[in-house]
Amino acid sequence: MSFDRLRVFQKAYDLSLTIHKRSLAFPRFEQTELASQLRRSSKSICANLGEGMGKQASSKDVIRFIRMATGSCDETRIWLKYANDLGYINAEDYRQLHEGYCEIGRMLSGLIKTWSAKGSPRLL
């Protein structure tokens with residue numbers, strides 16, 4: 001199955017676009033710091049899913065990339081907390097984005113379980 005047909009990829013991609021657009025409003029001095037980190041970690045989820053699903057050398061290799069995507073998901077949640085606490089995003093935006101990344105984390109965990117149990121599932 002192609003990575004771009006995965007619901008978790010689609011959700012992560014949509015949220016990374018939202019983060020990219022919102023982070024452009026961060027203070028200028030944060031553009032090379034917090035905003036950049038936030039953009040990179042959110043996009044890394046998608047990139048790892050694409051690379052892992054594209055290679056599909058083995059289930060173990062695919063799972064390794066899904067785990068890297070999970071780490072990027074957790075990293076994104078940390079940067080979002082900083083952005084909220086520093087006042088760069090409002091509480092409602094933080095809540096929505098945080099919940100979105102919590103859901104992505106659960107979806108990635110489910111994907112790991114599926115690949116672990118079935119090897120190379122046809123429908124994810």
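The values are calculated or read from the model by the stated rules, or taken from the named source; none is laboratory data. If you're wondering where the values come from, they're calculated on a predicted model, not measured in any experiment. A quick note on method: Cβ atoms are made from the backbone with ideal geometry, for glycine too, and the neighbour counts reach across all protein chains shown.
Are any of the residues in segment 55-75 within 18 Å of Glu99 (Cα to Cα) and without any contact (Cβ under 8 Å) to a residue 12 or more places away in the chain? Quick ask: steps written out before the conclusion?
Just the residues of segment 55-75 that are within 18 Å of Glu99 (Cα to Cα), to begin with: 69-75.
Of the ones still in play, those that are also without any contact (Cβ under 8 Å) to a residue 12 or more places away in the chain are 71.
Looking for residues that are within 18 Å of Glu99 (Cα to Cα) and without any contact (Cβ under 8 Å) to a residue 12 or more places away in the chain, one finds at least one in segment 55-75, hence yes.
What number of residues within segment 17-55 satisfy the criterion of being surrounded by 15 or more Cβ atoms within 10 Å (Cβ to Cβ) and of a type in the set (Asp, Glu)?
Of the residues in that region, 2 qualify.
Any idea which of Phe9, Phe29 is among the aromatic types (Phe, Trp, Tyr), part of a helix (DSSP H, G or I) and free of Cβ contacts under 8 Å to residues at least 40 places away in the same chain? Break it down into steps so the answer makes sense when it comes.
Numbers: Phe9 fails: free of Cβ contacts under 8 Å to residues at least 40 places away in the same chain.
Answer to the selection: Phe29.
Name the residue, out of Leu108, Leu97, Leu86, that is at pLDDT 95 or above, within 12 Å of the chain's Cα centre (by Cα) and under 14 Å from Arg22 (Cβ atoms). Talk me through it step by step, then tell me what you get.
On the way: Leu108 fails: under 14 Å from Arg22 (Cβ atoms); Leu86 fails: within 12 Å of the chain's Cα centre (by Cα).
Going through Leu108, Leu97, Leu86 in turn, just one is at pLDDT 95 or above, within 12 Å of the chain's Cα centre (by Cα) and under 14 Å from Arg22 (Cβ atoms): Leu97.
Would you confirm whether any residue within segment 11-24 is modelled with pLDDT of 95 or more, over 20 Å from Lys81 (Cβ atoms) and of a type in the set (Val, Ile, Thr)?
So far as segment 11-24 goes, no, none of its residues is modelled with pLDDT of 95 or more, over 20 Å from Lys81 (Cβ atoms) and of a type in the set (Val, Ile, Thr).
Please determine, by comparing only the residues of segment 56-93 that are farther than 16 Å from Leu108 by Cβ and in contact with a His (Cβ under 9 Å, 6 or more places away or on another chain), which one is surrounded by the fewest Cβ atoms within 10 Å (Cβ to Cβ).
Within segment 56-93, the match that is surrounded by the fewest Cβ atoms within 10 Å (Cβ to Cβ) is Lys81.
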